[in-house]
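Structure record follows, encoded as structure tokens.
Just so it is clear, none of the values below were taken in a lab; they were calculated from the coordinates. Here the structure is a predicted model, which means the values were calculated and not measured. So basically every Cβ, Gly included, is an ideal-geometry build from the backbone, and we count neighbours across all protein chains shown.
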Amino acid sequence: MKRLLSFVIKEFHHIFRDRRTMLILLGMPIVQIILFGFAVTNEVNNASIAIWDQSKDEATTQIIQRISSSKYFDIEQSLHSKEGIEGAFKKGKVKMVIVFPQRFRESLLHEHNAEVQLIADASDLNTASTLTNYASSIIMRYQADILDADIPYQVKTNIKMLYNPNLESAYNFVPGVMGLILMLISAMMTSVSIVREKEMGTMEVLLVSPVKAYMVIISKVIPYLVLSLVNIISIILLSVYALGVPVTGNLVLLIGESILFIITSLSLGITISTVTKSQQAAMLISMMGLMLPTILLSGFIFPIENMPVVLQVISNIVPAKWYIDIVRMVMIKGLGFGAVMKDTIILTGITMLFIIISLLRFKTRLE
Amino acid sequence: MNAVSVEHITKTYLQKEQKKEKKVTALDDVSFTVDKGELFGIIGPDGAGKTSLFRILTTVLLADSGKASVEGLDVVKDYRKIRDRVGYMPGKFSLYQDLTVEENLNFFATIFNTTVKKNYELIKDIYVQLEPFKKRRAGALSGGMKQKLALCCALIHKPSILFLDEPTTGVDPVSRRDFWDMIKKLKEQDIAILVSTAYMDEANMCEKIALIQKGNILTVSSPEKITSEFDQPLLAVRSDDMYQLLYDLRANKAVKEAYPFGAYYHVIPEDANKTKELEAYLQQKGQKDLEVKPIKANIEDSFIALMKKND
Ligand SMILES: Nc1ncnc2c1ncn2[C@@H]1O[C@H](COP(=O)(O)OP(=O)(O)OP(=O)(O)O)[C@@H](O)[C@H]1O
Ligand SMILES: [Mg+2]
């Protein structure tokens, strides 16, 4: 135990004293923010919206009043039919339409359940998600204000994104960045740090000592596991507070799945370290063999459905594909473990495979 | 039981040269033994196979054929046990350059399940010299200091046998002498020490030496014995034009061998009794301030003669 601890401390020393490693670790959040910055349109003010109020009762009037008095929205027009919605968007000025159904107040009072539909132009997805978030929160606040302790009123907001049903961009972006960064830190940095020991000759000294191979591996893995977790949490915070992409599902499940993927990446990193002799080679293989597939074949940037069949098949062995899928389902769609079980099992399988390969390949001698 | 026993060890490498694979023999049927507590030197020029031999004995490299054991333990079968008890200092500086002197030492103490305190006696003499730099990163130490630190780290678990692969290469002459003093002190602790070097003058520091060249062991003996076996006449020659002198010496048929040695050339003449003739020949060639004197061979002369014979 004491041995492992001093090993881990040594690894942290390496990390904190190497300028390049620190640059990647510290630069990562900054790069994230810049990347997110592209995806995020800054605060939206005075956006033109239209309202189709089919109830015109006390509740809808109050909500509309609150919306119009906020600085975010300018109510441009009132609509009177379904067809009007399309027309309002087509003219290009209106960014969002709020639809109140008939008998809104009655539904709310008697069925404790009323639905507001928010339709946004998702071709500019960032603006769209910002606006729907603002509107939702105004409605939620209204609901909270009228909430009677005993009666569970529920106003549901039904968000519909027009023109971009797949919700590319921000919503897609967060899971992709999570996959990419975990892969980068866990796989590339671990492989490089193990290969560095070979290059510097320290591995030779470690070999001629009572230390066992698994000890070397575990001590390499722990610091990067910790750092990856810190990064995951920072991405989630950034995504919730800077990007307005909330964690809809279970946070614990999301973090648990992330730890699984971190372990997958670490095992990949160790495997890479067993087949390379120089830090450069390890970095190159990590880049070409892991980063590129993660960017290109995981569905991060290019939807998998649109790929040629060959690439679709290949994409199945890209671990990030499964992880990104899981994050999308848990974080964005708010689904539970049942929905991601298949992905989780596949990811676990891939992880086991690489752990076994790396343990088998980890040599007790030079060469 | 011997500290080390090597029987018919052969090791070859495949080297890629311009896309062609070439077989290089690093060790060719090597055999020798090292006694308990002995200070044993492996002396040989670059590429002689010293590092390969050390790696095989420290179990990190497998030989193609032959058998070797360390303290009676087989280097292939019992490699785990050997790793627990030997101290190894590789030829290349192999400590963590980004850790401080203290951190390196503590780290290696812990991985060997011991503490610096427990075995401080053993490294005390060396460590006092390092103490002023204990907060300095190992990478920022001078060559000599680096080697002292590496020696400390290899000693920290009180090994019963120590392998030092070219510990003095690239170290300044003063530090080299320092280093050898330390090695000799360690010998008093009953630790068998195998040390390799390419500096022939260091052979005298060892109790026993094996001379190795191109993977072949030429001789295994004590330095005194090797020197005493030198059976040819030997002259030291000097003049004011050393460059021309070597040329003239080699042009003379009565000279078997002439090679630089310090401020002199060492010359092996065909006939010990014809020194006067040689002197006259050189004077006639116009050499001024000429000095020609018969000398006793030292260990390096013996090595040079042995290596010439092997070539
Ligand atoms: N890993 C390797 N792959 C291929 N050839 C090797 C390898 N290691 C050593 N050799 C070759 O084997 C021969 C012996 O090398 P070795 O390193 O054992 O000698 P050495 O006496 O330690 O030399 P040096 O003084 O240069 O350290 C050399 O010709 C070297 O080029
Ligand atoms: Mg060597």
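Checked against a 22 Å cut-off, the cross-linked pairs A:K156/A:K333; A:K198/A:K363; B:K253/B:K309; B:K187/B:K296; B:K124/B:K187 give Cα-Cα distances beyond that limit for B:K187/B:K296. Note on A:I75 and A:L237: with the Förster distance fixed at 25 Å, the Cβ-Cβ geometry gives a FRET efficiency of about 0.15. Distance between the modelled labels on B:D241 and A:F302, one decimal in nanometres: 7.8 nm (7 Å Cα→Cβ projection).
With a cut-off of 14 Å between beta carbons, the residues surrounding B:R238 carry a summed charge of -4, where Lys and Arg count +1 and Asp and Glu -1. Once the chain from A:H110 to A:T61 is taken as fully extended at 0.36 nm per residue, the excess over their C-alpha distance is 15.8 nm. Close amide-amide hydrogen proximity is noted between B:A26 and B:K11, B:T12, B:Y13, each under 5 Å apart and 5 or more residues distant or on a separate chain (H modeled in the peptide plane; Pro and chain starts excluded).
As a proxy for reagent exposure, A:E106, B:E207, A:E58 were ordered by neighbouring Cβ count within 10 angstrom, fewest first; the result is A:E58, A:E106, B:E207. Taking N as the number of residues in the stretch B:179-278, what is its alpha-carbon radius of gyration divided by 2.2 N^0.38 Å? Normalised by 2.2 N^0.38 Å, the Cα Rg of the stretch B:179-278 equals 1.41. Cross-link partners of B:K225 among aspartates and glutamates, defined as those whose alpha carbon lies under 16 angstrom from its own and excluding same-chain residues fewer than eight positions apart: B:D201, B:E202, B:E207, B:E300, B:D301. Compared with the dominant Cα axis of chain A, that is its longest principal axis, helix A:19-39 is turned about 20°.
Panel values: the stretch B:4-223, Kirkwood radius from alpha carbon pairs, Stokes-Einstein at 20 °C and 1.002 mPa s, translational diffusion coefficient 120 µm²/s.
Return one number: the angle in degrees, 0 to 90 and rounded to the nearest 10, between the long axis of the Cα atoms of helix A:251-275 and the longest principal axis of the Cα atoms of chain A. The answer is roughly 30 degrees. Each distinct pair of alpha carbons in the protein assembly as shown adds a 1/r term; the inverse of their mean, the Kirkwood radius, is 31.3 Å.
Each DSSP beta bridge with both residues in the protein assembly as shown is either parallel or antiparallel, and the antiparallel ones are about 55%. Estimated at 0.36 nm per residue, the fully extended path between A:N46 and A:T348 surpasses their Cα-Cα distance by 103.9 nm. When the alpha carbon gyration tensor of the stretch A:205-257 is reduced to an equivalent ellipsoid, its three semi-axes come out at 37, 11, 5 angstrom, largest first.
Among the trypsin sites (Lys or Arg not before Pro) in the stretch A:177-270, which ones are in a DSSP loop with at most 15 other Cβ atoms within 10 Å of the Cβ? Mind listing them? When the trypsin sites (Lys or Arg not before Pro) of the stretch A:177-270 are filtered for loop state and at most 15 Cβ neighbours within 10 Å, A:K212 remain.
Electrostatic tally near B:L278: other residues with Cβ closer than 15 Å to its Cβ, Lys and Arg +1, Asp and Glu -1, net +1.
With the cut-off at under 12 Å, measuring from each backbone N in the stretch B:79-105 to a point 7 Å along the Cα-to-Cβ line of A:R17 picks out B:95-105. If you take the Cα centroid of the stretch A:54-103 and the Cα centroid of the stretch B:68-89, the two points sit 83 Å apart. Express in whole angstrom the spacing between the alpha-carbon centres of the stretch B:158-217 and the stretch A:177-205. Measuring centre to centre over Cα atoms gives 36 Å. Between B:K309 and B:D84, how high is the FRET efficiency from 1/(1 + (r/R0)^6) when r is the Cβ-Cβ distance and R₀ = 56 Å? Nearest 0.05. The formula returns an efficiency of 0.85 here. Between 0 and 90 degrees, the angle of helix A:125-146 with respect to the longest Cα principal axis of chain A falls at about 60 degrees. Here chain A carries DSSP beta bridges of which approximately 20% are antiparallel, counting only pairs with both residues inside.
Residues A:I146, A:I324 in ascending order of nearby Cβ atoms (within 10 Å, fewest first): A:I146, A:I324. Extension gain for the segment A:Q117 to A:Q102, taken as residue separation times 0.36 nm less the Cα-Cα distance, is 4.2 nm to one decimal. Volume per residue for chain A equals 167 cubic angstrom (convex hull of Cα atoms). The region of chain B that goes longest without hitting one of the trypsin sites (Lys or Arg not before Pro) in a DSSP loop, each with at most 16 other Cβ atoms within 10 Å, is B:137-252.
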